[in-house]
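The values are calculated or read from the model by the stated rules, or taken from the named source; none is laboratory data. All figures in this text were calculated on a predicted structure; none of them were measured in a lab. Here the Cβ is made from the backbone with ideal geometry for all residues, glycine too, and neighbour counts use every protein chain on show.
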Amino acid sequence: MRRKNVSKGRHFRHIVFCMAALACAVLFAANLLTPDRSFSAAENRSLSARPSLSQCLTSGWGQTADRWYSDQFVLRDTLVKLNSLAGRCAGQREVNGVYIGKDGYLFEKPTAKDPVKTERTAKAIAAFSHENPDLSCSVILVPDAASVLARNLPANAPVSGQTGEIDEFLEQLPASVRKLNASDALIKASGQKTADGEETQVFYRTDHHWTTDGAYAVFQAAQELLNIPEPAAYSRFVVSDSFQGTLASQSADGASKDAVTIYIPDSDVRTTVSYSDLQTRRASVYMPEKLEQKDQYQVFFGGNHPSVEIETTADTGRSLLVFKDSFANSFVPLLTPYYDTIILIDPRYYYENVDAVLSSYGITDVMFLYSADTLWSDTQLADALG
Amino acid sequence: MSFVSLLFLVVFLPASVLLARLIPERFRNTFLLLVSLLFYAWSAGRNLPVLLGEMVFTYFAARELQRRRARGDTGTLSFCLLADTVLLAAVLAVYKYSGLPLPAGISFFTFSALSCLFDVGRGKADAEKNPVSLWLYLAFFPKVLMGPIAQYADMLPQMDSHPVSAASLERGTLRFLAGLFKKVLLADAFGDAFRQIHALPQMASMTAVLGTVFYGLQLYYDFSGYSDMAIGAASMFGFRLPRNFDHPYTAGSASDFWRRWHITLGAWFRDYVYIPLGGSRAGKARLVLNLAVVWLLTGIWHGNTVNFVLWGLWWGIIVILEKLVLARFLDKLSGVLRCALVNLAAFSGWIFFFSPTPGDCLHWWGQIFGAAGAGFWNSQTTWYLTGNLILLAAGIAACGTIPARLVSRIRKCRGRSGVWILAGLTALLLLLSVARILSSTYQTFLYAAF
């Protein structure tokens with residue numbers, strides 16, 4: 001019996017050794033034969049190139065070679081997804097800062113509110129409003145998906161309650177600034193059914209942004225804030241059903257896909273959009289070619305730019321300046337019937353003088369539209385407002 | 001480059017093993033030395049001159065000690081040994097305390113160098129005439145970065161003859177894989193869980209306790225996993241390295257714990273510090289002094305902040321009290337209770353490890369006793385516990401002999417089916433390990449639309 005067990009032990013070791021040797025040989029050959037990739041769509045970054053062997057005796061070559069071999073490893077994206085799946089099978093509900101929620105929802109781990117930065121930002125907005133009393137100033141803050149779709153969160157997921165945090169921030173602003181906490185509108189909309197009988201989806205399942213339906217719900221709640229007495233009618237179009245956003249990439253979770261919708265005003269207002277960094281002009285706020293790429297959210301204005309100028313045929317005598325992050329990209333197209341000119345400024349990339357914009361465009365209204373996740377750690381807005 | 005880099009696992013190690021088998025035996029040590037230096041250069045980069053310097057110094061210093069011993073010149077022998085020790089210790093101290101980047105593995109290869117000088121100085125072993133053999137002992141890549149600290153006298157006979165048999169190759173592979181699984185699948189996962197808790201601004205008592213447990217398990221599986229990989233890799237080249245861990249979290253006393261945790265470091269201090277100072281044979285007062293010295297040095301060896309000194313003193317006090325006072329009380333307790341007390345001491349001690357300063361230690365202890373005002377248990381505690389329950393269960397179970405008994409039970413299945421089941425499980429764990437290593441290099445740059 002003992003001899004049989006010893007023989008089985010030897011047999012097991014032999015099989016494991018052969019298996020390991022075979023695995024090394026196959027992986028070595030596969031990596032050798034697979035051509036290097038220059039870019040990873042899944043990670044949205046360039047992949048390391050093969051280091052030169054002539055440098056192999058220099059300091060740092062080992063790390064460079066390691067990075068190259070890992071970046072170019074055969075079936076890299078598939079194996080990363082396997083790791084994510086294995087973690088979930090083992091009960092993990094957080095992968096790389098993303099909570100794995102119910103019904104296919106992924107949630108970004110909330111950003112902690114920095115009290116020093118947010119106080120500085122609030123003071124900057126207040127000062128801006130005080131220095132420009134003729135301008136109609138409004139602030140719209142958007143909470144994260146975790147604050148709106150709590151029922152889809154994994155049980156006990158640590159979240160920070162951004163609805164209350166947004167209220168606290170808005171209370172720091174003077175009465176002259178019109179304020180909207182987008183939480184209520186989004187929560188209300190998320191409980192409503194669409195014409196097809198499905199639940200209104202106000203945040204993407206696979207991306208940290210709100211959907212256009214969510215943006216539209218907040219737009220409807222903000223009409224009084226924005227002095228829009230007679231809102232236009234809109235037609236809703238689904239332009240994609242294959243969107244997998246930032247959270248899907250971050251968590252290497254490819255299970256869900258999202259639909260991307262756009263709202264076109266039924267009025268015959270026309271737009272011309274000028275991009276300062278691209279040095280181009282377009283006849284639409286949308287860039288349909290972005291739907292062929294990984295980040296389909298860029299269908300709205302092609303992503304973020306230092307500044308964007310939108311000229312319309314609305315003929316309302318109003319001009320709007322929007323300080324924004326990327327959440328405004330799907331909201332601003334709804335505003336084109338109400339302003340002759342809309343200037344978008346993203347302070348994270350904009351370094352010019354804001355006062356010059358106010359005077360040269362004859363701005364009548366100013367809007368600050370941010371997600372709380374961005375604003376809670378932001379310093380650029382306060383810097384831009386000077 | 002490290003043991004858990006894919007370039008090492010798929011290319012460097014298999015190629016080294018294969019080439020070592022093909023190269024004639026008389027050139028094998030030279031080949032292994034070159035491979036080891038290449039490994040160190042690719043891991044530690046610009047600190048290779050430090051290792052080279054200690055290699056050269058140790059060779060000539062050992063030869064000189066041998067000459068003086070042969071002449072019967074014990075007075076100058078002792079002086080030379082002392083001077084050599086002070087010099088090597090000074091190099092270690094300069095790097096630890098000056099703020100200069102610490103060369104990878106310096107604590108380990110310096111202790112190997114000191115082992116060589118002590119063994120030669122005391123006549124326990126001869127100074128190696130062949131510099132390649134001595135340098136290979138110091139720089140051998142499986143053990144150069146994180147041990148085990150093999151003593152010179154034990155390794156010397158192997159330097160001349162270390163045949164590689166099919167058994168040593170297969171055993172080595174199995175040991176290496178076991179270490180890889182411990183490091184990648186357990187230690188890294190516990191590390192992620194600990195870092196999430198450690199980043200919390202405040203936490204409930206049980207969250208802090210959970211974090212401490214995660215850290216203690218991460219440390220064990222990381223270090224013991226690496227040691228297994230080192231022992232396994234060495235075996236592939238025909239070398240036998242000493243065991244470094246023996247289920248320490250099943251220990252029944254503090255002394256027993258330190259006979260099971262980082263065994264080779266404990267043996268080093270025992271053979272080169274404790275016993276030469278008189279050990280336990282020079283009266284109680286001297287015993288206390290000897291233990292205090294050993295534990296102070298152990299703490300200093302582990303790190304360059306006061307926290308590590310405090311950690312060394314923590315264990316020193318516990319071991320001294322156990323030997324002098326507590327032993328007869330502990331003997332009356334059940335094995336489970338003794339084990340629980342030892343683990344309480346061990347995990348409490350690890351708080352010194354992950355806290356940068358004594359103040360941070362106190363802050364963490366405050367969290368454990370509810371100073372954060374977040375209660376005993378809250379939803380965060382449930383989150384971190386339920387999200388890591390399977391990991392925790394596996395980690396605790398694997399601290400003892402459950403995995404070995406399970407493997408043995410499966411292997412005994414009728415015919416060869418048990419063997420194939422185990423082989424399949426091993427293949428799955430290997431696949432998951434590769435997947436996890438790749439995931440650790442996965443970094444998404446969120447789109448500009450952020």
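Quick one: which residue in B:Leu296, B:Leu389, B:Leu326 is hydrophobic (A, V, I, L, M, F, W, C), within 14 Å of chain A (Cβ to nearest Cβ) and surrounded by fewer than 17 Cβ atoms within 10 Å (Cβ to Cβ)?
Numbers: B:Leu296 fails: within 14 Å of chain A (Cβ to nearest Cβ); B:Leu326 fails: within 14 Å of chain A (Cβ to nearest Cβ).
Just a single option satisfies the conditions, and that option is B:Leu389.
Do we find a residue being over 15 Å from the mean Cα position of the chain (by Cα), surrounded by fewer than 21 Cβ atoms within 10 Å (Cβ to Cβ), over 30 Å from A:Phe39 (Cα atoms) and of a type in the set (D, E, K, R) anywhere in the stretch A:337-346? Yes, the stretch A:337-346 has at least one match.
Taking the stretch A:108-130 as the range and being in a helix (DSSP H, G or I) and polar (S, T, N, Q) as the test, the residues that pass are A:Thr118, A:Thr121, A:Ser129. Restricting attention to the stretch A:26-46 and to residues that are hydrophobic (A, V, I, L, M, F, W, C) and surrounded by fewer than 17 Cβ atoms within 10 Å (Cβ to Cβ), the residue that is nearest to the other protein chains (Cβ to nearest Cβ) turns out to be A:Phe28. The set of residues in the stretch A:165-181 being assigned to a helix (DSSP H, G or I) and in contact (Cβ under 8 Å) with a residue 40 or more places away in the chain consists of A:Glu165, A:Ile166, A:Phe169.
When A:Cys18 is tested against the conditions (1) more than 7 Å from chain B (Cβ to nearest Cβ); (2) touching a residue at least 60 places away in the same chain (Cβ under 8 Å); (3) in a helix (DSSP H, G or I), the lone failure is (2). Answer yes if at least one residue in the stretch B:83-100 is assigned to a helix (DSSP H, G or I), closer than 25 Å to B:Phe176 by Cβ, among the hydroxyl-bearing types (Ser, Thr, Tyr) and away from chain A (no Cβ under 14 Å), and no otherwise. Among the residues of the stretch B:83-100, not one is assigned to a helix (DSSP H, G or I), closer than 25 Å to B:Phe176 by Cβ, among the hydroxyl-bearing types (Ser, Thr, Tyr) and away from chain A (no Cβ under 14 Å), which makes the answer no. Hey, could you check the stretch B:9-27 for residues that are more than 8 Å from chain A (Cβ to nearest Cβ), part of a helix (DSSP H, G or I) and free of Cβ contacts under 8 Å to residues at least 12 places away in the same chain and say which is nearest to B:Phe239 (Cα to Cα)? The residue in question is B:Glu25. The single condition among (1) in a helix (DSSP H, G or I); (2) farther than 16 Å from B:Tyr221 by Cα that B:Gly373 does not satisfy is (1).
Inspect all residues belonging to the stretch A:3-10 and state whether any of them is under 25 Å from B:Gly172 (Cβ atoms), facing another protein chain (nearest Cβ under 7 Å) and among the small types (Gly, Ala, Ser). Yes, the stretch A:3-10 contains at least one residue that is under 25 Å from B:Gly172 (Cβ atoms), facing another protein chain (nearest Cβ under 7 Å) and among the small types (Gly, Ala, Ser).
In the stretch B:146-169, the residues that are within 14 Å of chain A (Cβ to nearest Cβ) reach residues that are surrounded by fewer than 21 Cβ atoms within 10 Å (Cβ to Cβ) with C-beta atoms within less than 6 angstrom, at least six apart or across chains, in these pairs: B:Val164/B:Gly238; B:Ser168/B:Gly238.
Residue by residue, here is whether (1) of a type outside the set (A, V, I, L, M); (2) farther than 23 Å from A:Tyr216 by Cβ holds:
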{"site": "A:Tyr275", "(1), (2)": "yes, yes"}
{"site": "A:Gln279", "(1), (2)": "yes, yes"}
{"site": "A:Val285", "(1), (2)": "no, no"}
{"site": "A:Gln296", "(1), (2)": "yes, no"}
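Taking the criterion of being assigned to a helix (DSSP H, G or I) and touching a His at 6+ places or on another chain (Cβ under 9 Å), would at least one residue in the stretch B:181-198 satisfy it? No, every residue in the stretch B:181-198 fails to be assigned to a helix (DSSP H, G or I) and touching a His at 6+ places or on another chain (Cβ under 9 Å). Sort out which residues of the stretch A:42-71 are in contact with a Phe, Trp or Tyr (Cβ under 6 Å, 6 or more places away or on another chain) and of a type in the set (S, T, N, Q), and write them in order of number. Those that are in contact with a Phe, Trp or Tyr (Cβ under 6 Å, 6 or more places away or on another chain) and of a type in the set (S, T, N, Q): A:Asn44, A:Ser46, A:Ser48, A:Gln55. Quick check on my filter: what residues within the stretch B:337-356 are exposed (fewer than 14 other Cβ atoms within 10 Å of the Cβ) and within 26 Å of the chain's Cα centre (by Cα)? B:Ala340, B:Leu344, B:Pro356 - these are the residues of the stretch B:337-356 that are exposed (fewer than 14 other Cβ atoms within 10 Å of the Cβ) and within 26 Å of the chain's Cα centre (by Cα).
When the stretch B:326-336 is limited to residues that are free of Cβ contacts under 8 Å to residues at least 24 places away in the same chain and part of a helix (DSSP H, G or I), the one that is nearest to the chain's Cα centre (by Cα) turns out to be B:Val336. With respect to B:Leu174, is the statement that it is in a helix (DSSP H, G or I), more than 14 Å from chain A (Cβ to nearest Cβ), within 28 Å of B:Leu438 (Cβ to Cβ) and out of contact with any strand residue (DSSP E or B) (no Cβ under 6 Å at 6 or more places or on another chain) true? Judged against the criteria, B:Leu174 is not a match. When the test is whether a residue is within 25 Å of B:Ile275 (Cα to Cα) and either in contact with a His (Cβ under 8 Å, 6 or more places away or on another chain) or modelled with pLDDT of 95 or more (or both), B:Trp311 passes it.
If you scan the stretch A:235-255, which residues turn out to be in a strand (DSSP E or B) and within 19 Å of A:Tyr297 (Cβ to Cβ)?
A:Arg236, A:Phe237, A:Val238, A:Val239, A:Ser240, A:Asp241, A:Ser242, A:Phe243
Total residues in the stretch A:104-131 satisfying the condition of being surrounded by fewer than 17 Cβ atoms within 10 Å (Cβ to Cβ) and over 15 Å from A:Phe169 (Cβ atoms): the figure is 4. Filtering the stretch A:211-266 to residues that are surrounded by fewer than 21 Cβ atoms within 10 Å (Cβ to Cβ) and within 14 Å of chain B (Cβ to nearest Cβ) leaves only A:Gly254.
Take the conditions (1) hydroxyl-bearing (Ser, Thr, Tyr); (2) modelled with pLDDT of 95 or more; (3) more than 23 Å from B:Phe354 (Cβ to Cβ); B:Ser255 misses just one of them, which is (2).
Going by the conditions given, is A:Ala195 more than 18 Å from A:Gln244 (Cβ to Cβ), part of a helix (DSSP H, G or I), among the aliphatic types (A, V, I, L, M) and in the same structural domain as A:Ser242 (by TED's automatic domain parsing)? When the stated conditions are applied, A:Ala195 does not pass them.
So that you can scan it fast, the table gives a plain yes or no per residue for (1) closer than 26 Å to A:Ser256 by Cα; (2) in contact (Cβ under 8 Å) with a residue 60 or more places away in the chain; (3) polar (S, T, N, Q):
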{"site": "A:Leu57", "(1), (2), (3)": "no, no, no"}
{"site": "A:Gly62", "(1), (2), (3)": "no, no, no"}
{"site": "A:Asp71", "(1), (2), (3)": "yes, no, no"}
{"site": "A:Leu79", "(1), (2), (3)": "yes, no, no"}
{"site": "A:Asn96", "(1), (2), (3)": "yes, yes, yes"}
{"site": "A:Phe107", "(1), (2), (3)": "yes, yes, no"}
{"site": "A:Thr118", "(1), (2), (3)": "no, yes, yes"}
{"site": "A:Ile125", "(1), (2), (3)": "no, yes, no"}
{"site": "A:His130", "(1), (2), (3)": "no, no, no"}
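Among residues of the stretch A:48-89 being assigned to a loop (DSSP other than H, G, I, E, B), at pLDDT 90 or above and surrounded by fewer than 17 Cβ atoms within 10 Å (Cβ to Cβ), the one that is farthest from the other protein chains (Cβ to nearest Cβ) is A:Ala49. The one condition from (1) within 24 Å of the chain's Cα centre (by Cα); (2) within 9 Å of chain A (Cβ to nearest Cβ) that B:Val419 does not meet is (1).
When the residues of the stretch B:185-198 are narrowed to those that are more than 10 Å from chain A (Cβ to nearest Cβ) and aliphatic (A, V, I, L, M), which ends up surrounded by the fewest Cβ atoms within 10 Å (Cβ to Cβ)?
As a first pass, look at the stretch B:185-198 and keep what is more than 10 Å from chain A (Cβ to nearest Cβ): B:186-188, B:190-191, B:194-195, B:197-198.
Then drop every residue that is not aliphatic (A, V, I, L, M), which leaves B:186-187, B:197.
Numbers: B:Leu186: 21, B:Ala187: 23, B:Ile197: 23.
Checking each candidate, the answer is B:Leu186.
Taking the stretch B:25-45 as the range and being of a type in the set (Phe, Trp, Tyr) and within 22 Å of the chain's Cα centre (by Cα) as the test, the residues that pass are B:Phe39, B:Tyr40, B:Trp42.
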